[in-house]
Amino acid sequence: MRLPHTIPLSNCRPGEDCACGKTITLSPDEMAWTRQRNIWGTATWATDYGRPAAVESGNAEIKTHRLHMDRGFTRVFGTTKNSVLLAFALVGLINGAPPG
Ligand SMILES: [Zn+2]
């Protein structure tokens with residue numbers, strides 16, 4: 001681009017076949033590990049894409065927004081006692097009861 005305007009920018013000759021301006025497409029089998037499983041924008045893709053967001057939304061409800069389940073949420077010792085109390089807390093969250 002810094003050469004004089006009289007020198008062409010490429011070695012292409014009009015009318016000859018070259019790769020300028022061509023779109024290179026790859027088949028789905030090439031580099032398949034980098035491709036999405038479903039076609040972008042379809043309902044299948046939207047369902048697949050929304051699943052992790054839904055799970056993280058549920059986790060946020062448990063940890064932050066409604067249940068505030070954090071260290072000290074239960075004040076008992078032992079896996080069995082904690083499991084029972086957490087089960088009741090999660091049932092209360094699912095049924096829409098206010099956290100207690
Ligand atoms: Zn060209």
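State, to one decimal in nm, how far the label point of F73 lies from the label point of Y49, with both points 7 Å from Cα in the Cβ direction.
With each label placed 7 Å out from Cα toward Cβ, I get 3.1 nm.
Kindly state, to the nearest 0.05, the FRET efficiency for E61 paired with L26, given R0 = 41 Å and r defined as their beta-carbon distance.
Efficiency, rounded to the nearest 0.05: 0.50.
Grab the Cα-Cα distance for N38 and D17, subtract it from 0.36 nm times how many residues apart they are, and report the gain in nm with one decimal.
So the extension gain works out to 4.0 nm.
Using alpha carbons only, what's the Rg to Rh ratio of the chain with Rh from Kirkwood?
Rounded to two decimals, Rg over Rh is 1.45.
Rank these for me by crowding, F88, F77, going from fewest to most other beta carbons within 10 Å.
F77, F88
Each reported figure results from applying straightforward, stated rules to the coordinates on display, with no laboratory input. On a predicted model such as this, the values are computed, not experimentally measured, just so you know. Note that we place each Cβ from the backbone using ideal geometry, even for glycine, and neighbour counts take in every protein chain shown.
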